[in-house]
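First comes the structure, then the notes that go with it.
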Amino acid sequence: MRDDVLWRKTARIITILAEKLSIAPEHAMDSFYNSETYKLFCNPESGLQLMSDYYIVEDLIRELQSR
C-alpha cells in the first residue's frame, strides 16, 4: 500500500479506538503504536493492512484486554 494510504488508515484506526474506548486520541495512538497489532500492521505480508479499520480496532481491543 502507498504510504499516504497507510497514514490515513492509521489515523482512522486511532480515531475509532479513541471513540470506542472513550480515551484521548493521544492515549489511543500510544496504545496502537506499542501493540503487537501495530507490528503486524506494518508487515505487508501479514495481510492486516487489507482488513477493515473496524476489524483492526476490534483485534487491537482484544489484545489490550488480554494484557
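The values are calculated or read from the model by the stated rules, or taken from the named source; none is laboratory data. What you see is a predicted model; the values in this text were computed from it and never measured. Because the Cβ atoms are built from the backbone with ideal geometry, glycine has one as well, and the counts that use them run over all protein chains shown. These area figures cover heavy atoms from the full protein model, side chains too; ligands, DNA and RNA do not enter into them. Shrake-Rupley method; radii C 1.70, N 1.55, O 1.52, S 1.80 Å.
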Q.
Cβ contacts < 9 Å: first residue on the phi > 0 side of the Ramachandran plot, restricted to the stretch 32-53; second residue modelled with pLDDT of 95 or more, any location; separation 6+ or different chain. Result?
A. Gly47/Leu40
Q: Show the residue pairs that are 6+ apart or on different chains and have beta-carbon atoms under 7 Å apart, the first residue being within the stretch 1-26 and among the polar types (S, T, N, Q), the second being modelled with pLDDT under 95.
A: none
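Only one of these is open to solvent by 100 Å² or more (accessible area, probe 1.4 Å) and either among the charged types (D, E, K, R) or assigned to a loop (DSSP other than H, G, I, E, B) (or both): Glu58, Glu63, Glu45. Name it.
That would be Glu45, the only listed residue that is open to solvent by 100 Å² or more (accessible area, probe 1.4 Å) and either among the charged types (D, E, K, R) or assigned to a loop (DSSP other than H, G, I, E, B) (or both).
Of all the residues that make up the stretch 1-14, how many are open to solvent by 70 Å² or more (accessible area, probe 1.4 Å) and outside any loop (DSSP other than H, G, I, E, B)?
Result for the stretch 1-14: 4.
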